[in-house]
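Peer 1: Got a structure for you, questions after.
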Amino acid sequence: MISKACKYGIRATIFIASKGTEKVKPGVKEIAREIDAPEAFTAKILQSLNRNGIITSIKGPYGGFYCSKQQLTSGVLDIVEAIDGLSFFSECGLGLKECSDLHPCPMHHTYAKTRDQLLKTFRETTIELLAGNLKEGNVYVNNL
């Protein structure tokens, strides 16, 4: 599965994107609080997301994080790739090194279908869509 850092990264990106444009730029403390994550860990995740072009950061007294219109069209898969990489979508469900259609593990065919569907969902689900749901108050990005 995806890592805790990746889950926080997805939640943080959705929160940032839900805030709108460059005019509203939440900082690390606000983001960490809203996604219910440790502040230092959140800062590292945000740094990685910024470095990979998923979000944008501005330093200074009026700084913070935001998503451009182009960044909003990114899929959740881009966040996963930036933080965890894409190996999850090609690895064996049981952790075998040699697992394929020609040499399958006991879970291969069932797991591969599920994994491929998850890949499709992550690719097709945009940050903008998820942020819109958050803005409407239909979904949450924290455990509070």
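The values are calculated or read from the model by the stated rules, or taken from the named source; none is laboratory data. Source: prediction; values computed, not measured. FYI the Cβ positions are ideal-geometry reconstructions off the backbone, even for glycines, and counts take in every protein chain you see.
Peer 1: State yes or no: is Cys67 of a type outside the set (Lys, Arg) and more than 12 Å from the chain's Cα centre (by Cα)?
Peer 2: Yes.
Peer 1: Would you mind stating whether Ala32 is modelled with pLDDT of 95 or more, assigned to a helix (DSSP H, G or I) and in contact with a Pro (Cβ under 9 Å, 6 or more places away or on another chain)?
Peer 2: Yes; evaluated as a whole, the condition is true for this residue.
Peer 1: Would you mind finding the one in Cys105, Cys92, Cys99, Cys67 that is on the phi < 0 side of the Ramachandran plot and without any contact (Cβ under 8 Å) to a residue 12 or more places away in the chain?
Peer 2: One residue alone meets the criteria, Cys99.
Peer 1: Of the numbered conditions (1) more than 20 Å from Arg123 (Cβ to Cβ); (2) out of contact with any Lys or Arg (no Cβ under 8 Å at 6 or more places or on another chain); (3) buried (at least 20 other Cβ atoms within 10 Å of the Cβ); (4) touching a residue at least 40 places away in the same chain (Cβ under 8 Å), Lys19 satisfies every one except a single condition; which is it?
Peer 2: Lys19 satisfies all of (1) more than 20 Å from Arg123 (Cβ to Cβ); (2) out of contact with any Lys or Arg (no Cβ under 8 Å at 6 or more places or on another chain); (3) buried (at least 20 other Cβ atoms within 10 Å of the Cβ); (4) touching a residue at least 40 places away in the same chain (Cβ under 8 Å) except (2).
Peer 1: Could you list, in sequence order, the residues of segment 1-25 that are at pLDDT 95 or above and not in a helix (DSSP H, G or I)?
Peer 2: Selection gives Ser3 alone.
Peer 1: Counting only residues that are within 30 Å of Ile55 (Cα to Cα), exposed (fewer than 14 other Cβ atoms within 10 Å of the Cβ) and modelled with pLDDT under 95, how many does segment 78-110 have?
Peer 2: 2
Peer 1: Right, next: Need pairs with beta-carbon distance below 6 Å; first residue within 11 Å of Tyr8 (Cα to Cα) and without any contact (Cβ under 8 Å) to a residue 40 or more places away in the chain and within segment 40-57, second exposed (fewer than 15 other Cβ atoms within 10 Å of the Cβ) and among the polar types (S, T, N, Q); sequence gap 6+ or separate chains.
Peer 2: none
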